[in-house]
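Here, each number is a calculation from the coordinates, and none is a lab measurement. In this text, all values refer to a predicted model and were calculated from it rather than measured experimentally. We place every Cβ from the backbone using ideal geometry, glycine too, and count neighbours over all the protein chains shown.
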């Protein structure tokens, strides 16, 4: 026992020495396609988002690509650390256009690798926060961006991140192949025999070096896609003896992509058929789930889900398999809201669940049979919480976000309220899932009502910084077509019955070649600009709506399985020649299922909610047993770096991130 104690004490001592050594120096290597880069200038940076990043130390790589930094005695709380490289030589040949980086995060490591993969994995989640070597954003934005890097790449080894490698991503998307194709393009700038090709890559990306080039590609990944892929194909020709492109990183893209966006899917923590998604003040994502993971739920028979929480990096913080579910919650549709200090969910079983930001229960709030099934929630700038009572045609108000002061509010003309948003004038905007009118009423006087006629099948609504309302509509008509009127089903008794009727119509009367649905725009002075943006141009049964920090519009393209980027009212931030309401690009991937919502985070990444997957399993009177647990959608997706950052939580209209 004495020897064991001595070994234990010695072990603690050695551990302490190792920790001191680790804190005293940072060592690393820089390489390009596994070849060392010598004579590169390496800089260690610190940024806190308040002022410009500061250089902590500089170094130069040796012939083996190795470098070392002496670290500061103390580290600033909340700061993000990263390293960049400039220039250098590969196999003795100087590469002046080569610039790489690795974002380390809030805690310094003992070892870091800088290569083409760490650069791509660092740039994409932080593309909106980067300007060449300068990383700057809000404190939450920096946290989100840094936390997402490990999902794509491990900067301590220079290899792929664990989330990219998991089964929910690796074989379900082309993210790895896109990264490797980009890595092969970067490598052209480290090969002296391909200098003209490197220059062409930089010209296509409008950049002076590879780091700037990647940032520009990440922000507008749909731009010059064909030309960039052609460059890759031409200068990595297929070797006839192997059938592979000589020198290219495997696996690479075999087919021309629609864009070079990088996407990741997250799962766990009770996620299954998530409905609406929102961020809290710390950048954590919250969502209510229609159904329980592992259940055979659908639109006929269902077992309700709970509330899921993901960290800024996408790690599940709610317990599997049911999430936070301690308030008799039995399924949540569109009813998730986040106020300054609470999370709110309107449920299918006629209660409102309330949680603190750690997931501890503060509710439920029950109404003694006076309410029906709930859908959307909206939170005002003064922290009022409005909840849509879909099946009882009324609203519920929690003044100042106080669960003990719930009020049922009758609004003249309100029918089947669904989506809720509150503008800067403290007016409540409510969409309807059954009539062709958007209702707008004063929060201070609910009898002061205005209704604007648009299309049927309204879902999500979002208010931009100028007070304009953007609304998704799942049909392309203001009145029901004759064949639907003639054979119309009875008024639905529940939310799920309504969804079943909608599914039946879409399957019988629409298709990818003949889609229905579009987007409406109503100004702050209640004038209808258009109710047909995107009609027959890629929009197909849209659902959620969100606005980014430059008032661009993002649409959850439910039945088409994608995220639509639409030009907002400020055309100066859209591509030349683009008009308000024009579609800029549609993002799709194997990981994106039928999504009911999307939202922009504080770093400029766009998240979306996989709500439905296998439609054959949804109409579950007697489903095929093999697919009976696949009706609901699987997980939350993130598309990196494509939108201007916003501030969370969403209180009233969108707010650009600080």
_Using a 10 Å cut-off around each Cβ, can you sort 622, 658, 613 from fewest to most neighbouring Cβ atoms?_
622, 658, 613
*Per residue of the chain, what 222 nm ellipticity follows from adding -39500 (n - 2.57) for every DSSP H run with n ≥ 4, rounded to the nearest 500?*
-5500 deg cm²/dmol
*Starting from the Cα gyration tensor of region 567-658, take the square roots of the eigenvalues, sort them a ≥ b ≥ c, and report rounded, prolate or oblate (rounded when a/c is under 1.5, otherwise prolate if a/b is larger than b/c, else oblate).*
prolate
*Distance cut-off 18 Å, percentage of C-alpha pairs in region 236-337 lying past it*: 58
*Please identify which residues in region 135-159 have an amide N closer than 16 Å to a label point set 7 Å out from the Cα of residue 573, following the Cα→Cβ vector.*
137-138
*Would you calculate the separation in nanometres between label points at residue 63 and residue 340, each defined as 7 Å from the Cα along the Cα-to-beta-carbon direction?*
6.3
*Sort 64-71, 346-353, 193-200 for me by packing, meaning the mean count of neighbouring Cβ atoms within 10 Å per residue, highest on top.*
346-353, 64-71, 193-200
*For region 262-298 and region 214-257, what is the separation of their C-alpha centers, rounded to whole Å?*
34
*asked:* Starting from the 7 Å offset along Cα-to-Cβ, what nm value, one decimal, do you get for the label separation of residue 582 and residue 109?
replied: 4.3
*If you find the alpha carbon centre of region 174-196 and of region 530-553, how far apart are they in angstrom?*
34
*Approximate spin-label separation residue 171-residue 362, in nm, with each point projected 7 Å along Cα-to-Cβ*: 4.4
*Whole-number percent relative contact order across the chain, with pairs defined as alpha carbons under 8 Å at least 6 apart*: 11
_Looking only at region 22-162, where both bridge partners belong to it, what percent of the DSSP beta bridges are antiparallel (to the nearest 5)?_
90
_FRET efficiency, residue 619 to residue 76 (Cβ-Cβ, R0 35 Å, nearest 0.05)_ = 0.05
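Run the numbers on region 22-162 and let me know its relative contact order in percent, using alpha-carbon pairs under 8 Å that are six or more apart.
It comes to 26 percent, rounded to a whole number.
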*Rounded to the nearest 0.05, what FRET efficiency do residue 349 and residue 483 give with R0 = 45 Å and r taken as the Cβ-Cβ distance? Could you check?*
0.80
_Inverse of mean 1/r across different Cα pairs in region 496-543, Kirkwood, Å_ = 12.2
*How far, in degrees from 0 to 90, does helix 225-235 lean away from the longest principal axis of the Cα atoms of the chain, to the nearest 10?*
30
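Counting other beta carbons within 10 Å of each residue's own, what order do 559, 160, 640 fall into, fewest first?
160, 559, 640
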*How would you classify region 51-179 from its alpha-carbon gyration tensor, with a ≥ b ≥ c the square roots of the eigenvalues: rounded for a/c under 1.5, else prolate if a/b is greater than b/c, otherwise oblate?*
oblate
*Gain upon complete extension [residue 157, residue 382; 0.36 nm per residue less C-alpha separation]*: 76.3 nm
*Enumerate the residues in region 194-237 having an amide nitrogen under 11 Å from the point lying 7 Å beyond the Cα of residue 132 toward its Cβ.*
208-209, 212
*Which value, to two decimals, describes the C-alpha radius of gyration of the chain once divided by 2.2 N^0.38 Å?*
1.01
